[in-house]
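The values are calculated or read from the model by the stated rules, or taken from the named source; none is laboratory data. Please read all numbers here as calculations on a predicted model, not as lab measurements. Don't worry about glycine lacking a Cβ; one is built from the backbone with ideal geometry, like all the others, and counts go over all protein chains shown.
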Amino acid sequence: MSDMKYTTDHEWIRVEGDSGVIGITDYAQEQLGDVVFVDLPDVGKNLSKGDEAAVVESVKAAAEVYAPLDGAVLEINEALTDAPGLVNTDPVGGGWFLKLQISDPGQLDGMMDEAGYADYVKGLG
Amino acid sequence: MTHSTDLRGRGEAVEGGDAIETVLGHRGLQLEEALIFEQDSAGSSGVDLPTAPEAPDRLGTFRRQGRIGLPGLSEPEVVRHYTRLSQKNYAIDMGLYPLGSCTMKHNPRLNEAVVRLPGLAGAHPMQPVETVQGALALIDELAHWLKELTGMPAVAMSPAAGAHGELCGMMCIRAALDARGDSKRRRVLVPESAHGTNPATAAQCGFTVDPIPANAKGRVDLAAFRAKLGDDVAALMLTNPNTCGLFEPDIIAIGSDLHEAGGYFYCDGANFNALVGRVRPGDLGIDCMHINLHKTFSTPHGGGGPGAGPVVLSQALAPHAPLPWVVHSGDGFALVEHEGDAGDAKPFGRLKGFHGQMGMFVRALAYMLSHGKDGLRQVAEDAVLNANYVLAGLEDVMTVSFDGPCMHEVLFDDRFLKGSGVSTLDFAKAMIDEGYHPMTMYFPLVVHGAMLVEPTETESKAGLDAFIEVMRSLAARAKAGDADSFISAPRLTPRRRLDETAAARKPVLRWREEAAE
């Protein structure tokens, strides 16, 4: 999947034209354990890179999901309200969090591609 | 997840292990117990009431449509029900309770004897002040001890718990910032090794939370902290000793840099048990700190009673302390209850009805007076000694996260379980089969699979040796490849491994008649 980019905070973004779908990686869901609650932002909210975009709560911990780049929230994954377990079972598919209108595509350049992220995770031991 | 009235066949929630089936589900003399509503037997009653007169089914505009739903049980059934429930509870009176940062120490019976003295137990907060002079003197004396022990000039007594104390402290800070016309300061720095309530409190008070990373030694990363200082920083909320069980050696530099940048210094005092009698927070540059009387000063908690979280305050914050407070008045004491009587002070308001947790004040002062200054110092020393004894007894078989010595608690992580197929959760469940309440798990988040152990000073050497022996044995068993015995644990409890995920995703919080039928 060449259009997937990754952050060091274990978020992925799949670019679809001038928007991007955002979620957390398989490694991240594995570390969190069973997800029991996901708090998503309001549609229309403007996020800057590094802002808290969502909160994910598991049986072990609560963690923030950061906006990997600037943009307005176009859509959120309502399915996670009733089925937060999708984050565990299908982190890069049905477990997506939100869709962002990308305002600065240049911010994608600093992110890792799939191979780069795989190496990064390997380095974490 | 509906509650079954059928008592048979329970206890097989997790596969594996050697589950023992009994006819009614009782295990030894650990008795199964249905909910009290499920034991309803229409017409049963503990008292022989006369037939009630005909009563209207209407109260004002409301009309009762169904039955009231109180279960009918005889007196012995009720007594047995609650006794059986009480026996399912684990308590500090039963054994070691090593929850990290919770300071589950023994609650001395002397405290209980004193608090039951009729003059104290029977006092009512609405009595005229001249009839409760002793109670006010007691609050004043406790306040004096708290100020002396912390080296701080003022204390707000009314907060009813640790997090309530945090709220009080942060509201004082907010009021002080507003009073000096500095309301644009809205960022609060919170180290990763702080208590989890700290960021929650800051957010509750309308601040934004900015985390500070920990360094490789488990302390605040000083360079990262300094880089975050600015004219929008309202405060730092530091836990000391932190949740890694470590003293923050740079605390004085942290405080002076923070003050220079115009911020206030909040210290989470939940871990004051490690410092009492040894270190005065006032000497470290702290502006406010809550004190958990139910931790450091031995009042009951964890289901045994309400908490109490007085907050000591610096000169800068003292004028904003919440109402009410006790003042000396002539030969006696008076209460300042209203802003109009507060003189130059600018209280931010009131946090609680009445004056605070009086029962906890009595117990805490009894504890202080029975220990004395030297005794309290020994409390801190023994708490630190005991934690280091656990560290020394386990460091070769478990992984200590940061180099010791530690303070009052010791942090392990799951590196020693790597490759064993056993997780921190599995390890904790296996401890239950061995008769030990687990330690704090998966917190703090700065290490992987955290296990935070706080033995407290009230455990004997023999008690700690037994705990260490069990932990060593479990660690050896995990490393020997016996993952199955961990994954199937607990095996000896009335219920096996609970489905915590389902409990969180689809909680069943109340019994409903329809669900049971």
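Counting only residues that are in contact (Cβ under 8 Å) with a residue 12 or more places away in the chain and not in a helix (DSSP H, G or I), which one in region A:85-96 is farthest from the other protein chains (Cβ to nearest Cβ)? Among them, the one singled out is A:VAL92. Of the residues making up region A:8-28, those that are in contact with a helix residue (DSSP H, G or I) (Cβ under 9 Å, 6 or more places away or on another chain) and among the polar types (S, T, N, Q) are A:THR8, A:THR25. A Cβ distance below 9 Å, combined with a sequence gap of six or more or placement on separate chains, defines the contacts here; from region B:125-139, residues that are under 13 Å from B:GLU337 (Cα atoms) reach residues that are surrounded by 11 or more Cβ atoms within 10 Å (Cβ to Cβ) and polar (S, T, N, Q) in the pairs B:VAL129/B:SER329. Taking B:PHE265 and the conditions (1) surrounded by 21 or more Cβ atoms within 10 Å (Cβ to Cβ); (2) within 30 Å of B:THR458 (Cβ to Cβ); (3) without any contact (Cβ under 8 Å) to a residue 60 or more places away in the chain, which numbered condition does it fall short on, given that it satisfies the others? Every condition holds for B:PHE265 apart from (2).
Out of B:SER401, B:SER314, I need the residue that is more than 30 Å from B:SER460 (Cβ to Cβ) and in contact with a strand residue (DSSP E or B) (Cβ under 9 Å, 6 or more places away or on another chain). Which one?
Values: B:SER401 fails: more than 30 Å from B:SER460 (Cβ to Cβ).
On inspection, the qualifying residue turns out to be B:SER314.
Only a single item in (1) surrounded by 11 or more Cβ atoms within 10 Å (Cβ to Cβ); (2) over 30 Å from B:LEU464 (Cβ atoms) is not met by B:PRO53, and it is number (1).
Go through region A:29-45 and give me each residue that's out of contact with any helix residue (DSSP H, G or I) (no Cβ under 9 Å at 6 or more places or on another chain) and either at the interface with chain B (Cβ under 10 Å from one of its Cβ atoms) or surrounded by fewer than 20 Cβ atoms within 10 Å (Cβ to Cβ) (or both). Before the answer, list the steps.
Quick first cut of region A:29-45, residues out of contact with any helix residue (DSSP H, G or I) (no Cβ under 9 Å at 6 or more places or on another chain) only: A:31, A:39, A:41-45.
Result: A:GLN31, A:ASP39, A:ASP42, A:VAL43, A:GLY44, A:LYS45.
Tell me, which residue of region A:14-28 that is among the hydroxyl-bearing types (Ser, Thr, Tyr) and away from every other protein chain (no Cβ under 14 Å) is farthest from the chain's Cα centre (by Cα)?
Our first condition is that a residue be among the hydroxyl-bearing types (Ser, Thr, Tyr); within region A:14-28, this holds for A:19, A:25, A:27.
Applying the additional criterion that residues be away from every other protein chain (no Cβ under 14 Å) yields A:19, A:25.
Working: A:SER19: 13, A:THR25: 7 Å.
Once the filter is applied, the top-ranked residue is A:SER19.
Across region A:71-84, which residue is farthest from the other protein chains (Cβ to nearest Cβ) among those that are crowded, with 18+ Cβ neighbours inside 10 Å and not aliphatic (A, V, I, L, M)? The selected residue is A:GLY71. Step by step: first the residues of region B:488-512, then only those that are more than 10 Å from chain A (Cβ to nearest Cβ) and under 16 Å from A:LYS60 (Cα atoms), then the one that is surrounded by the fewest Cβ atoms within 10 Å (Cβ to Cβ). Which residue is that? Here the residue is B:LEU498.
Can we say B:ALA466 is more than 16 Å from B:GLY100 (Cβ to Cβ), part of a helix (DSSP H, G or I) and either free of Cβ contacts under 8 Å to residues at least 24 places away in the same chain or under 22 Å from the mean Cα position of the chain (by Cα) (or both)?
yes
Among the residues of region B:227-251 satisfying the criterion of being in a helix (DSSP H, G or I) and over 27 Å from the mean Cα position of the chain (by Cα), which is nearest to B:ALA175 (Cα to Cα)? Ranking the candidates gives B:LYS228 first.
Condition (residue is within 14 Å of another protein chain (Cβ to nearest Cβ) and surrounded by fewer than 23 Cβ atoms within 10 Å (Cβ to Cβ)) applied to region B:454-462: is it met by at least one residue? Within region B:454-462, not a single residue is within 14 Å of another protein chain (Cβ to nearest Cβ) and surrounded by fewer than 23 Cβ atoms within 10 Å (Cβ to Cβ). For region A:59-70, filtering for residues that are crowded, with 23+ Cβ neighbours inside 10 Å and within 12 Å of chain B (Cβ to nearest Cβ) leaves 0. Checking B:ARG174, B:ARG80 one by one, the residue that is among the charged types (D, E, K, R) and crowded, with 18+ Cβ neighbours inside 10 Å is B:ARG174 and no other. Restricting B:ASP382, B:ASP396, B:ASP426 to residues that are at pLDDT 95 or above, assigned to a helix (DSSP H, G or I), out of contact with any Phe, Trp or Tyr (no Cβ under 9 Å at 6 or more places or on another chain) and within 30 Å of B:PRO444 (Cα to Cα) narrows the list to B:ASP382.
Based on this model, can you work out whether A:VAL56 counts as of a type outside the set (Ser, Thr, Tyr), crowded, with 16+ Cβ neighbours inside 10 Å, within 14 Å of chain B (Cβ to nearest Cβ) and not in a strand (DSSP E or B)? For A:VAL56, the condition - of a type outside the set (Ser, Thr, Tyr), crowded, with 16+ Cβ neighbours inside 10 Å, within 14 Å of chain B (Cβ to nearest Cβ) and not in a strand (DSSP E or B) - is not met.
A count restricted to region A:106-119 and to residues that are closer than 14 Å to A:TYR6 by Cα and surrounded by fewer than 16 Cβ atoms within 10 Å (Cβ to Cβ) stands at 9. If we keep just the residues of region B:220-238 that are touching a residue at least 40 places away in the same chain (Cβ under 8 Å) and buried (at least 24 other Cβ atoms within 10 Å of the Cβ), which is farthest from B:TYR266 (Cα to Cα)? Once the filter is applied, the top-ranked residue is B:ALA234. When the test is whether a residue is on the phi > 0 side of the Ramachandran plot, within 14 Å of chain B (Cβ to nearest Cβ) and out of contact with any helix residue (DSSP H, G or I) (no Cβ under 8 Å at 6 or more places or on another chain), A:GLY50 passes it. Filtered by the rule that a residue be within 13 Å of chain A (Cβ to nearest Cβ), of a type outside the set (A, V, I, L, M, F, W, C) and surrounded by fewer than 21 Cβ atoms within 10 Å (Cβ to Cβ), region B:427-448 gives B:THR440, B:HIS448.
Which residues, counting only those in region B:327-360, are under 30 Å from B:ASN107 (Cβ atoms) and either surrounded by fewer than 14 Cβ atoms within 10 Å (Cβ to Cβ) or of a type in the set (Lys, Arg) (or both)? Selection gives B:ARG350, B:LYS352, B:GLY353.
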